[in-house]
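The values are calculated or read from the model by the stated rules, or taken from the named source; none is laboratory data. Every value quoted in this text rests on a predicted model; they were computed, and no experiment measured them. Here the Cβ positions follow ideal geometry from the backbone for every residue, glycine too, while neighbour counts run over all protein chains shown. Surface areas here come from the heavy atoms of the whole protein model, side chains and all, with no ligands, DNA or RNA. Shrake-Rupley method; radii C 1.70, N 1.55, O 1.52, S 1.80 Å.
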Amino acid sequence: MEKIVQNLPMVALRGMTIMPGMVVHFDVSRPRSIEAIREAMIKDQKLFVVTQKEVDIDDPEQKDLYEVGTVGTIRQMIKLPKKVVRVLVSGESKASLQSILQEDPYMVGEIEILEDKPTELPEEVDSDIAARSLKDVYIEYVAKNGKMSKEAVADILKIEDIYKLVDEILANTPLYYKDQQEILEEKEFWNKYEKLVERLMNEVEIMDLKDRLQRKVKERMDQHQKEYILREELKLIREELGDDTTLSDAEEFEQSLKKLKAPKEVKEKLQKEIKRFKSSMNSAGENGVIRTYIETLLDMPWEKKAKDNSDLAYAQTILEEDHYGLEEVKERVLEFLAVRSLTQKGESPILCLVGPPGTGKTSIARSLAKALKKPYVRISLGGVRDEAEIRGHRKTYVGAMPGRIANAMKTAGVKNPVVLLDEIDKVSTDYKGDTFSALLEVLDSEQNYKFRDHYLEVPLDLSEVLFITTANTLQTIPRPLLDRMEIIEISSYTENEKLHIAQEHLIPKQLKKNGLKEEQLHISKHAIWKMARNYTKEAGVRQLEREIGNICRKSAKEILTTKKKRITVTERNIEKYLGKEKFTYQMANKTDEVGIVRGLAWTSVGGDTLQIEVNVMPGKGEILLTGQLGDVMKESAQTGISYIRSVSRQYEILEDFFETHDIHVHIPEGAVPKDGPSAGITMATAMISAITGKKVHADLAMTGEVTLRGRVLPIGGLKEKLLAAKHAGIKTVLIPKENRRDVEELSTEITKGLEILPVETMDEVLNIALLKE
């Protein structure tokens, strides 16, 4: 058969294929394509349309085009704005592109018309069955598509000829252009039929899947729409009630979580709780509990740290400015700072400041925080008896909240603050749990990096917290807890220390508090000493500050009423402001006496002297002990008597003396309870003096525990006892030999003017104390 070759203007189509028998319109904007259409309109309206392989090529060459295209007739051409032409083309015959003869100003192609002759079907295929099968698939496709013209579909379904049926379906079905191109290029009819059926069935499956997806999306959208409407209604109701909306809170929580610097475990816990919060809108109680929990977790300083201060000079200046004395505490903090500066880490010490009330334990902690440039939080443990106060309550309980430790961290806002655990010795225990045991984990540097608060439910790192605890006594603190802390004892202030504290801190503070200027009131050095000695009886300076405040108030009144410009308070006129002396010291006796010996005692407000009196009377060998003596003190007296009886021959005491005489030991003041072993040698000396009739030096005092064999054992509170002896005008003090090292640590201000003699046995004591006849 002779080939039909023609030269026709051609247009390259992007994303579409025109089949023979198809009538379709398309828009053309490329200048070459517009010119080709114009040229075709001028001639016989014949145009060759062929599909580009890739849609994004603007100026295609022959290699960019499919080989097979369609010759069509232009039915209509409309010019649109922006140099766009809309063309209506009807496909007529299949053709193959041999070559491109011309590219500008429009493309001209040499094409060969391809006769699309019907080829015979395979022997096993019946044309009627094939046509019916195709119609069934086509009907299903049309039903799923829903965009086909019913009239056109009806006309197609009336066709009985299998060849014509395939061509009409191809011409009227909007298949994917690459599928159409593949079918267009097919030469064998049966292959064309199979590909058409395959593509139609494939389209049906795609549309089924699409329908299912759309159905699911619609259901979900309906659900979301329903939820949205309900949420909006709930939002409106909450706004009417004056409540915040849960949704906006949840969004805020999620934004805060994104910004939060915290361990992975904490973030996962928060995400879980925020999800629960969103789904708990219907339960106001649960919603409130979860909200509080999320807010608490978000407020905790998980990874937020205060910058470490490495300036030792600054820290030392601050500590010296705020407190006089307390050298051991200041030294320990400066050591910690030095180590931290060198290592960039180092464990934070856990310090326990032990001492009498008013000695500056609490205020030094505040100064430490200031010196370290870190936030300071104080936790008062006095009277705390519930373990949950430390560890928190589980959030399932009504009104649950974090424990005091977690709350302190939240208040500080950083993970390395200075935390003061005040009055740790006042913690008590009851059926609700052992509070001391809860503190064991908090104050253990090996464990507290994963401290678990019952409320938070996630580990809290306390390893970088500088814990400072205060106590008045160590007697009530359990041994395991003491073992975890570094004990620093803060002893009583001397009169000279009280003078410095008053001049440098207390007087300026009270002047400011009472609206006075420095030039309006002057308190002399001797007036301060007199206040410390005769108007206060304390180890610290609290009462001294109150008395200074009393002077300031009376001075303020006097300045306003008498128009005086300056008031001076001296030792002579102090009674005018503070009244008569409140305390007097029992001074050393002026004369040496029999059976009277001065002992030294430690009290919670400092040291004191005890005058022990012994009388010997005819009787039946009874021993009377009066003056509210405790059990330990009574036993000391019994030990003293036993020692004296064992050495009675040495001191020429008659053998039947103890059967024919009663011994009465009395320690004034009778209303004040007394206890402890340190008056042992004093009572023994007084009894020997009374029994033998030998006088004891009046300016001598002593302290020490006595044994049955007359050995002198060491005692505590030596600094306070020596201060009391000095105030009482004592010249000589006997102390146990083992306490000599304690004397070496004391300042010369305390020991100056005192003859301190260490003794090891009662023989030495009696040899020094008793007057030689």
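At-a-glance table
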read-out: Residue match in region 687-698 (condition: free of Cβ contacts under 8 Å to residues at least 60 places away in the same chain, hydrophobic (A, V, I, L, M, F, W, C), out of contact with any Gly (no Cβ under 7 Å at 6 or more places or on another chain) and over 24 Å from Glu622 (Cα atoms)); value: no
read-out: Test: Lys772 is assigned to a loop (DSSP other than H, G, I, E, B) and surrounded by fewer than 23 Cβ atoms within 10 Å (Cβ to Cβ); value: yes
read-out: Failed condition for Asp675, given (1) closer than 30 Å to Ser492 by Cβ; (2) crowded, with 18+ Cβ neighbours inside 10 Å; (3) touching a helix residue (DSSP H, G or I) at 6+ places or on another chain (Cβ under 6 Å); value: (2)
read-out: Residue that is without any contact (Cβ under 8 Å) to a residue 12 or more places away in the chain, at negative phi and touching a helix residue (DSSP H, G or I) at 6+ places or on another chain (Cβ under 8 Å), where the choices are Ser648, Ser636; value: Ser648
read-out: Lone unmet requirement of (1) aliphatic (A, V, I, L, M); (2) touching a Ser or Thr at 6+ places or on another chain (Cβ under 7 Å); (3) modelled with pLDDT of 80 or more for Met281; value: (3)
read-out: Selection from region 597-628 of residues that are part of a loop (DSSP other than H, G, I, E, B) and either among the hydrophobic types (A, V, I, L, M, F, W, C) or touching a Leu at 6+ places or on another chain (Cβ under 6 Å) (or both); value: Val605
read-out: Complete set of residues in region 10-36 that are among the small types (Gly, Ala, Ser) and at negative phi; value: Ala12, Ser29, Ser33, Ala36
read-out: Tally of residues being open to solvent by less than 10 Å² (accessible area, probe 1.4 Å) and of a type in the set (Gly, Ala, Ser) across region 425-442; value: 1
read-out: Residue within region 425-442 that is closer than 21 Å to Lys370 by Cα and either within 18 Å of the chain's Cα centre (by Cα) or not in a loop (DSSP other than H, G, I, E, B) (or both) present; value: no
read-out: Single residue of Glu151, Glu124, Glu168 found to be over 30 Å from Asp58 (Cα atoms), in a loop (DSSP other than H, G, I, E, B) and open to solvent by 30 Å² or more (accessible area, probe 1.4 Å); value: Glu124
read-out: Top-ranked residue of region 518-549 - restricted to ones that are touching a helix residue (DSSP H, G or I) at 6+ places or on another chain (Cβ under 7 Å) and among the acidic types (Asp, Glu), ranked as surrounded by the most Cβ atoms within 10 Å (Cβ to Cβ); value: Glu547
read-out: Matching residues, region 175-186, being open to solvent by 70 Å² or more (accessible area, probe 1.4 Å) and either touching a residue at least 24 places away in the same chain (Cβ under 8 Å) or assigned to a helix (DSSP H, G or I) (or both); value: Lys178, Glu182, Glu185
read-out: Matching residues, region 466-490, being part of a loop (DSSP other than H, G, I, E, B) and surrounded by fewer than 23 Cβ atoms within 10 Å (Cβ to Cβ); value: Asn472, Thr473, Leu474, Gln475, Thr476, Ile477, Pro478, Arg484, Ile490
read-out: Any pair with Cβ under 8 angstrom, 6 or more apart, that starts in region 515-527 at a residue that is on the phi > 0 side of the Ramachandran plot and ends at one that is modelled with pLDDT under 85 and not hydrophobic (A, V, I, L, M, F, W, C); value: none
read-out: Positions within region 261-297 being under 19 Å from Met409 (Cα atoms) and either surrounded by fewer than 18 Cβ atoms within 10 Å (Cβ to Cβ) or in contact with a Pro (Cβ under 7 Å, 6 or more places away or on another chain) (or both), in sequence order; value: Lys261, Pro263, Glu265, Lys267, Thr292, Glu295, Thr296
read-out: Neighbours by Cβ (under 6 Å, 6+ apart or cross-chain): first from region 572-583, more than 15 Å from Ser524 (Cα to Cα); second open to solvent by less than 70 Å² (accessible area, probe 1.4 Å); value: Glu581/Asn534; Lys582/Tyr535; Phe583/Asn534
read-out: Residue in region 638-656 that is in a loop (DSSP other than H, G, I, E, B), under 22 Å from Thr732 (Cβ atoms) and in contact with a strand residue (DSSP E or B) (Cβ under 7 Å, 6 or more places away or on another chain) present; value: no
read-out: All positions within region 716-769 that are polar (S, T, N, Q) and either in a helix (DSSP H, G or I) or closer than 28 Å to Ile691 by Cβ (or both); value: Thr732, Asn739, Thr748, Thr751, Thr761, Asn767
read-out: Pick from region 303-321, criterion surrounded by fewer than 19 Cβ atoms within 10 Å (Cβ to Cβ) and touching a residue at least 60 places away in the same chain (Cβ under 8 Å), ranking: farthest from the chain's Cα centre (by Cα); value: Asn309
read-out: Selected residue (only one of Ser463, Ser445, Ser363 is open to solvent by 20 Å² or more (accessible area, probe 1.4 Å), modelled with pLDDT under 85 and assigned to a helix (DSSP H, G or I)); value: Ser363
read-out: Some residue of region 600-607 being out of contact with any helix residue (DSSP H, G or I) (no Cβ under 8 Å at 6 or more places or on another chain), among the polar types (S, T, N, Q), open to solvent by 60 Å² or more (accessible area, probe 1.4 Å) and within 30 Å of Gly358 (Cα to Cα); value: yes
read-out: Residue match in region 381-391 (condition: hydrophobic (A, V, I, L, M, F, W, C), crowded, with 19+ Cβ neighbours inside 10 Å and outside any loop (DSSP other than H, G, I, E, B)); value: yes
read-out: Flag if Ala701 is among the small types (Gly, Ala, Ser), crowded, with 16+ Cβ neighbours inside 10 Å and modelled with pLDDT of 90 or more; value: yes
read-out: Any hit, region 568-585, residues being under 17 Å from Ile691 (Cα atoms), among the charged types (D, E, K, R) and open to solvent by 20 Å² or more (accessible area, probe 1.4 Å); value: no
read-out: Any hit, region 638-660, residues being of a type in the set (Lys, Arg) and open to solvent by 40 Å² or more (accessible area, probe 1.4 Å); value: yes
read-out: Residue match in region 431-440 (condition: at pLDDT below 85, closer than 30 Å to Lys261 by Cα and not small (Gly, Ala, Ser)); value: yes
read-out: Residues of region 409-424 that turn out to be without any contact (Cβ under 8 Å) to a residue 60 or more places away in the chain and surrounded by fewer than 21 Cβ atoms within 10 Å (Cβ to Cβ), as a count; value: 2
read-out: Any hit, region 37-52, residues being surrounded by fewer than 21 Cβ atoms within 10 Å (Cβ to Cβ), basic (Lys, Arg) and touching an Asp or Glu at 6+ places or on another chain (Cβ under 8 Å); value: no
